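Undergrad: Provided herewith is a single structure, encoded as structure tokens, for subsequent inquiry.
Nothing in this text is a laboratory measurement; each read-out follows from the coordinates by a stated rule. All values derive from a computational prediction rather than experimental measurement. Don't worry about glycine lacking a Cβ; one is built from the backbone with ideal geometry, like all the others, and counts go over all protein chains shown.
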Amino acid sequence: MGLKPKNSINEHELIQQCLQSNRKAQQDLYDCFAPVMKAVCRRYLYDKNELELALNQGFLKVFQNLKKFKGEGSFEGWIRRIVINNCLMENRKKPKENEPIGEEVFVAQADAESPEYILQAIASLPKGYREVFNLFEIDGYNHKEIAKMLHITSSASRSQLARAKEVLRKKLHGITGL
């Protein structure tokens, strides 16, 4: 089991209660997984309103499709996949001209080797590079899965990952000596 619900029931019992439309159980499930999923959303979306919307729509889909979870694999992983797909759909809706351009998002911090700094460097990547990097390096998808999720070819996924790593190397090299 992934995260623990606040109360003493286990994940399976919580899911069963949610399937019976128990509002308290639904709130407990949300409270248990929302902070982690919000962090996932933050890697794909910058606008706070879009992030909140994607998170809430993701959980709505979780509750609507809960009966489809068969208990195979991680429940947290199942929720994560729904939330990531929802974030990717939000990104597809945005016109390209509204996308932040690299350095607009990247602001130097005092501790250049901190995880926050590295995450900020990742966030400064162009959208396509950032999505592929996050999906492959952080979320653990393979290029075939990424290609399907982003409606690109596997070779385009590999190429964007290589380019993302090169851009990150350049950004971090001058500051951290990597």
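Undergrad: For each pair in 67/93; 144/165; 48/144; 24/93, compute the distance between the two Cα atoms and list the pairs where it is over 24 Å.
TA: Among 67/93; 144/165; 48/144; 24/93, the Cα-Cα distance tops 24 Å for 67/93; 48/144; 24/93.
Undergrad: So, one more: Please list, in order along the range 9-23, the HN-Hα scalar couplings obtained from phi with the Karplus expression 6.51 cos²θ - 1.76 cosθ + 1.60 (θ = phi - 60°), rounded to whole Hz, x for Gly and Pro.
TA: 6, 8, 4, 4, 5, 4, 4, 4, 5, 5, 5, 8, 6, 6, 4
Undergrad: Can you give the extra length, in nm with one decimal, that the chain gains between residue 52 and residue 23 once fully stretched, where that is 0.36 nm per residue apart less the Cα-Cα distance?
TA: Working it through step by step, the gained length comes to 8.4 nm.
Undergrad: Expected output is a single nm value to one decimal: the length gained when fully extending between residue 60 and residue 170, i.e. 0.36 nm times separation in residues minus the C-alpha distance. What is it?
TA: 35.6 nm
Undergrad: Residues of the range 23-39 with amide nitrogen under 18 Å from the 7 Å Cα-to-Cβ point of residue 12?
TA: Once the point is set 7 Å along Cα→Cβ of residue 12, nothing inside the range 23-39 turns out to lie under 18 Å by backbone N.
Undergrad: Return the sequence-ordered ³J(HN,Hα) values of the range 42-47 in whole Hz as given by the Karplus equation 6.51 cos²θ - 1.76 cosθ + 1.60 applied to θ = phi - 60°, using x for Gly and Pro.
TA: Running phi through 6.51 cos²θ - 1.76 cosθ + 1.60 with θ = phi - 60° gives 4, 6, 10, 10, 9, 5 Hz.
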